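Trainee: The following block contains the structure, expressed as C-alpha cells.
Each value in this text was obtained by applying a stated rule to the coordinates, not by laboratory testing. Because the structure is a prediction, the values reported are computed rather than measured. Cβ sites come from the backbone with ideal geometry, for glycine too, and all protein chains shown count toward neighbours.
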Amino acid sequence: MGQLSQVVLDGIVLGGFYALVAQGLSLVFGVMGVLNLAHGECVLIGAYLAWTAQHYLGVDPLIALPVIMALGFGFGWVLCRTLVIRVVERPPLMSLLLTFGIGAVAQGVLLKLFSSTPRVTTTGYSADVVSIFGLTIPTPRAFMLLGAVVILVLTWALLNRTRVGRSIQAAAQNKAAARVVGIDIAAVYAIAFGIGIALVFAGGTLLGSAQGFYPFLGPLLTMKAFAIVVLGGVGRMTGTVLAAMVVGLIETLLASYVPSVGTGLGIAAAFILVVVVLVVRPNGISGGKQVTAGV
Amino acid sequence: MSSGTPTVSTPGAPPPQKAAQRLSAAPVRALAASRLADPRLRAGLFAAGLAALLVTPLFGLNNSALLLFSTVFMWIGLTSSWNIISGFTGYVDFGHGVFFGIGGYTAGLLVTHLEMPFWYTVPFAPVFGFVFALVVGYPLLRLRGVYFSIAMLGAFMAMRELALVFRDFTGGSGGIIFEAVIDRTLFYYVFLGVAVIVVLGTVWLRRSQLGSSMLAVRENEIGAEARGINTTMVKLTAFCVAGSITALIGSLWAYQTAFIDPAIMFRDVLLINLALMVTLGGLGTVWGPALGATVFILLRETLWETEGEDFLVFFGVALIVVVLTLPKGIAGSLADRVHLARARRAGKEESR
Amino acid sequence: MTALLTAERVTCRFGGLVALDAVDFHVDAGEIVGLIGPNGSGKSTLLSCLSAGRRADDGRIRLDGKDITGRRPSTVARLGLTRTFQDARVFGELTVTENALLSRDWTRLPSFGLLRSPERAARERAAGLLDLVGLGGMAREKAGSLSGGQQRLLELVMAIMPGPKVVMLDEATSGVNPALIAELSEHLRLLHREENVAFVIVEHNVGFVFGMADRIVVLQQGRVLAEGPPDEVKSNQEVIDAYLGA
Ligand SMILES: Nc1ncnc2c1ncn2[C@@H]1O[C@H](COP(=O)(O)OP(=O)(O)OP(=O)(O)O)[C@@H](O)[C@H]1O
Ligand SMILES: [Mg+2]
C-alpha cells in the first residue's frame, strides 16, 4: 500500500512535467495547426541550456529558469517568423517535414556540442529528498512539479486574462474572423509559438536536474506530448493536464509493477492508450477539436 | 449496379460539329506539350533503361558499384511504396519505417527460431507487414491527416521499444546475426526487380480506378464517400499495399546485411530519408519518388560522405530547403510547367 | 405502391439548433420533387441526412424498401441515392473523365484488356453524359481548371454516372448562366425520361423548379410548411408569406 501511494506520487510528479511540455505542443497546434515535430528537441535545448548555466557559470537552474524561458520565447518567435510562418497555411505535410528537419538539425547540433553521453544538471540539492506523509520525493523532482504547476497557472492566466491571450484564443477559433477584427495573425502566431517554446524550455530546465537526458531523447518526448494532447483533446488545458497525469501514472506503474521490461515500455503503453482512446472517443477525453476525417 | 450500360447514346444537346472541332485541336496540343509527356516515348525510354540495367552487371561491376546500384533500387522501391499511402491518399505515414523493421525481424526471427532457410521466409515478411498494416491502420486511418502521421510515428517507436525490450525473443539490442548471403549481383537483380515492379505498379495504379479513388480521398474525403467510394477500404488498401512492400524490402535488406538490431531496422534516418527523397522528387506523382531517390542517393554518394551528427544536420537543412523552395518536388514542378505551356497554347489557339 | 425513398420523422440538431424537426419526406419512382424554402430552412441538411453524409439524430430512411438509416454514404450512393453539393465538389487534380468515372467499382479486379466490356461501357457512358452537358471537349482537362458553372455540370454527371434511382441536386442552377439553365432543364428532363431517375431539386430559382417539378415541398425552420403540385403551392398564402413574396 505504501509502495502504491509512492508510485502514484511519482506518477503525478512526472505528469506535471508532461503537462508542461504537452501544453506547449497543444498551444502551437491549437493556434497554428502546426504539429511541431522538433518539440522534444526544444525540451532538450532547454535542458542543455540549464546544464550549461550550471556547469560553466554555476547558476542554479531555478534561478536561470526565467532567463531560459525568455530565451525560449525569443527562439520560438524567431523560428516562427523565419521558417514556420511559411508553411502555416500550407498542407500539413509541409509543416511536418519542416519541423522534422528542424528537429534533425537540433539533434545533430546537440550531439556535436554535448555528445551522446547522458547529462544531469547537478545542484546543491541534487541528493536531497523532501518527505510528506511518509512519502519521499527527491528535491529536484519536487521542484519540477512545483515549477510546472506555477508555470501552468501563469500560462492559464496569460491565455484567459490578458488581451494577448484573448487574441491567441480568437485566432485559434477562427483565423478569418480574427483577421477581420484587426488581429495581426502573423504576430499572434509568433507569440503563440514563442510561448509554446518558452514552456518546453522551462520543462527541459526542470527535467534536467531531475533526471538524465541525452540528444536522442527528443522524439520520445515529442511522442509523449503528442499522445497527451490527443488524449486530452486539442486546445483543452484541463484535458491536457488530466491526460498528462494519466500518462505519467501509467509510466510509473509499469516501471514498478512490470518487472524488468516495464521501464522500456513508455511509448508502447502511451501509444496503445492513444489508439484505444481514439477508437472509443475520437475527440479525446474531454472533447475538443475533431481529430477524425469526419466520415 | 442497376444500369451499367450506356443508355444516353447520342443526345442531341451540344452541336456535334463543335466536339469535332475540339477534337481536331487535340493532336496539335499533344505535339506542343513536352516531349516527355508522350507515353510511347516514356515507355521506350523505360524499356531501354531497364535493358541497360539488366546487362550492366555482366560487364563486371565491382562490389561497391553493385551495392550502390542496389541501394538506389531499394530506395526506389521504398519511396514509391511510401508514396502510395502518403502521396496518393494524402495520409502521410511518418512511421513507415516500422514496416521495414517488421520485415527485417520477420526474416530474423524465422531464421533463428524456426531455422528456416532465408528464401523460404521471404513471403512471410509482406504477409506480416500486411497484417500489421491492417490491425494498426483500421483505427488510425480514421484520424485526420496530422494525427495519423504522428500516430504512425508512435507505432514506429513503440515497435522499436518492443524489439528492444523482449530480449529473449528478439535478441534485444544485441540483435540477430544471420548466416550471410554475400552475393552482390544477386541482390542487384533482386532489388532491381522490386523497384521495377513497384514503379510499374504505381504507373498502373495512377491510371486505375483505385488510384483515382485514392486521389479523390486526398482531395476531399467526404466528397469521395458521397460518390460511392468506400474511403475506409481505399485507405486501408493503400496502407496495406505500401506496408507489405516495405516489409518485403526490409527482409531483403536484412539478408543483404546479415545482421539486424532495433537501432538499424527501426532507424529514424529511414523516416527522414523517405520524406526528403519523395518531397524532392514530387509527392503524389508517379515518377517523382523514383527520381528523388536516385538523385538523392547519387548526390549523397558523390558529394557528401558525412556521418553521425553532421549527417543529421545535413539532412535537416536539406529537408528545410526542399520544403521551402521546391514544395512540389522536381516531378511536380515539371508537370506544372508542362501543364502551363499546354494551357497557354490552348489559350492562343482559342483566341485565334 | 410504396414510395421509392421515404424518410420518417427525420430530426437533426446542431447543438441547441433544431435544423430538421421530425420531417416526413418521400419520393416516388421517376418523380421530380422540388424542395424549396428560405435560407437556413434545412434543405441541405435534409439532403445530407438522406444521403447519410450526416447521421440523423432520429428517424428512419428507406430506399426501395431497404432501411438505409446509419449506413455509410458510399453504401447509400451505391444503393442508388446520389447527390450534388451546394458547393460543387469535384476533384480538381483528376481529369474531367476521371471524375466522371469515379463512381466505378474499384474492387473489381483489373481485367488487363481481356474483359473490357464493362470498362468500355462505363467509358462510353461517361463520354455520352459529358457530351450531353457540353463538357465533352474538356474531357482530358483537369477538373480544377473548369469554371464554377462547369464544375456543377460535371458534378451532375458524377451523380448520374452510376445509374442511381434518385438524384438530389443542391442548387444545381446557381452559378450557371441563364442560357445554360434552360439547357440544363432539358438535360434533366432527358435523363429523367431515358433513365427513369427520380430527382430532388433544391432551388432558389423559383421559375426553374416550378417548371420542372411534379410536386413541391416547402421547408421552413426545419418543418414541412406545405406540399403539393406546383400550382397549388404557388398560390398557398403561407408559402407566399414565408418564401415566395408577393
Ligand atoms: N455544420 C453545421 N453546424 C451548425 N449548424 C449548421 C450546420 N449546417 C447547417 N447548420 C444550420 O442548420 C440550419 C439549416 O441549414 P441548411 O444548410 O440545411 O439550410 P438550407 O435550407 O440549405 O439553406 P440555404 O438555402 O442557404 O442553402 C441553418 O440554421 C444552419 O445554420
Ligand atoms: Mg443549402
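Trainee: Using just the alpha carbons, could you tell me how many Å³ per residue the convex hull of chain A encloses? Walk me through the intermediate numbers first.
Mentor: Details: hull volume 40.4 nm³, N = 295.
Taking the convex hull of the Cα positions in chain A, it is 137 Å³ per residue.
Trainee: Provide the descending list of Cα extents for the protein assembly as shown along its principal axes, expressed in whole angstroms.
Mentor: Taking max minus min along each principal axis of the Cα atoms, the protein assembly as shown gives 91, 75, 55 Å.
Trainee: Shifting gears a bit: Quick one: grab the alpha carbon gyration tensor of the range C:116-210, order the square roots of its eigenvalues as a ≥ b ≥ c, and give me rounded if a/c is under 1.5, else prolate or oblate depending on whether a/b is larger than b/c.
Mentor: Verdict is oblate for the range C:116-210.
Trainee: Between Rg and the Kirkwood Rh of the range A:16-164, both from Cα atoms, what is the Rg to Rh ratio?
Mentor: Details: Rg = 17.2 Å, Rh = 17.2 Å.
Ratio value, two decimals: 1.00.
Trainee: Near B:LYS235, which aspartates and glutamates are there with a Cα under 14 Å away, not counting those fewer than 8 places off in the same chain?
Mentor: Within the straight-line cut-off, B:LYS235 pairs with B:ASP93, B:GLU219, B:GLU221, B:GLU225.
Trainee: Exposure proxy check: B:TYR91, C:TYR243 ranked by fewest other beta carbons within 10 Å?
Mentor: C:TYR243, B:TYR91
Trainee: Over the range B:150-211, one equal point on each Cα, no solvent: what is log10 I(q)/I(0) by the Debye formula at q = 0.13, 0.16, 0.17 Å⁻¹?
Mentor: Reported log10 I(q)/I(0), two decimals: -0.74, -0.89, -0.90.
Trainee: What angle do you read, to the nearest 10 degrees and between 0 and 90, between the alpha-carbon axis of helix C:117-132 and the longest principal axis of chain C?
Mentor: 60
Trainee: What's the FRET efficiency of A:ALA177 with B:ALA43 using the Cβ-Cβ distance as r and R₀ = 30 Å, to the nearest 0.05?
Mentor: 0.05
Trainee: Between 0 and 90 degrees, rounded to the nearest ten: what's the tilt of helix A:185-210 against the longest Cα principal axis of chain A?
Mentor: Helix A:185-210 sits at roughly 10 degrees to that axis.
Trainee: Something else: What is the range B:45-190 by shape, rounded, prolate or oblate, if you read a ≥ b ≥ c off the alpha carbon gyration tensor as root eigenvalues and call it rounded for a/c under 1.5, prolate for a/b larger than b/c, and oblate otherwise?
Mentor: Verdict is oblate for the range B:45-190.
Trainee: Whats the longest run of chain C with zero trypsin sites (Lys or Arg not before Pro) that are DSSP loop and have at most 13 other Cβ atoms within 10 Å?
Mentor: The segment C:141-246 is the longest one with no such site.
Trainee: Could you work out [θ]222 nm for chain A from helices alone, using -39500 (n - 2.57) per DSSP H run of at least four and dividing by all its residues? Round to the nearest 500 deg cm²/dmol.
Mentor: Numbers: 11 runs with 207 residues, N = 295.
Taken over chain A, the calculation gives -24000 deg cm²/dmol.
Trainee: Could you pull out the pairs from A:LYS224/B:LYS328; B:LYS328/C:LYS142; C:LYS43/C:LYS234; A:LYS112/A:LYS224; A:LYS112/B:LYS328; C:LYS43/C:LYS66 whose alpha carbons sit more than 29 Å apart here?
Mentor: Violating the 29 Å limit, Cα to Cα: A:LYS224/B:LYS328; A:LYS112/B:LYS328.
Trainee: Additional query: Compute the relative contact order of chain A as a whole-number percentage, counting only Cα pairs closer than 8 Å that sit 6 or more residues apart in sequence.
Mentor: Computed over chain A, the figure is 35 percent.
Trainee: Averaged across C:91-104, how many Cβ atoms of other chains sit within 10 Å of each residue's Cβ atom?
Mentor: 5
Trainee: With an 8 Å cut-off on Cα pairs and a minimum separation of 6 or more residues, tell me the relative contact order of the range C:121-246 in percent. Before the final figure, lay out each step's value.
Mentor: Working: 117 pairs, mean separation 20.8, N = 126.
Contact order relative to length: 17 percent.
Trainee: Can you compute the modelled spin-label distance between A:LEU4 and C:ASP214, with each label point 7 Å from Cα toward Cβ, in nm?
Mentor: Modelled inter-label distance: 7.0 nm.
Trainee: Can you give the average number of partner chain beta-carbon atoms within 10 Å of each beta-carbon in peptide C:73-85, as a whole number?
Mentor: Per residue, the number of nearby Cβ atoms from other chains is 4 on average.
Trainee: Obtain the nm distance between the two label points defined at C:VAL18 and B:GLU301 by a simple spin-label model: each point lies 7 Å from its Cα along the Cα-to-C-beta direction.
Mentor: 7.2
Trainee: Something else about it: Do any GluC sites (Glu not before Pro) in the range B:162-263 lie in a loop, going by DSSP, with at most 13 other beta-carbon atoms within 10 Å of their beta carbon, and if so which?
Mentor: B:GLU179
Trainee: Next question, about the same structure. Find how much the distance from B:THR56 to B:ILE197 grows on full extension, using 0.36 nm per residue of separation minus their present alpha carbon separation; answer in nm with one decimal.
Mentor: Full-extension gain reported as 48.9 nm.
Trainee: Excluding residues on the same chain fewer than 8 positions from A:LYS175, give the aspartates and glutamates whose Cα lies under 14 Å from its Cα.
Mentor: Correct list for A:LYS175: A:GLU89, A:ASP184.
Trainee: Shifting gears a bit: In degrees from 0 to 90, rounded to the nearest 10, what is the angle of the helix A:61-82 Cα long axis to the longest principal axis of chain A?
Mentor: Around 30 degrees separate the two axes.
Trainee: Further question on the same structure: Among C:HIS187, A:HIS39, A:HIS55, which comes first, then next, by fewest other beta-carbon atoms within 10 Å?
Mentor: Ordered from fewest to most neighbouring Cβ atoms within 10 Å, C:HIS187, A:HIS39, A:HIS55 come out as A:HIS55, C:HIS187, A:HIS39.
Trainee: Do you know the relative contact order of the range A:117-222, to the nearest whole percent, from alpha carbon pairs under 8 angstrom that are 6+ apart?
Mentor: Contact order relative to length: 40 percent.
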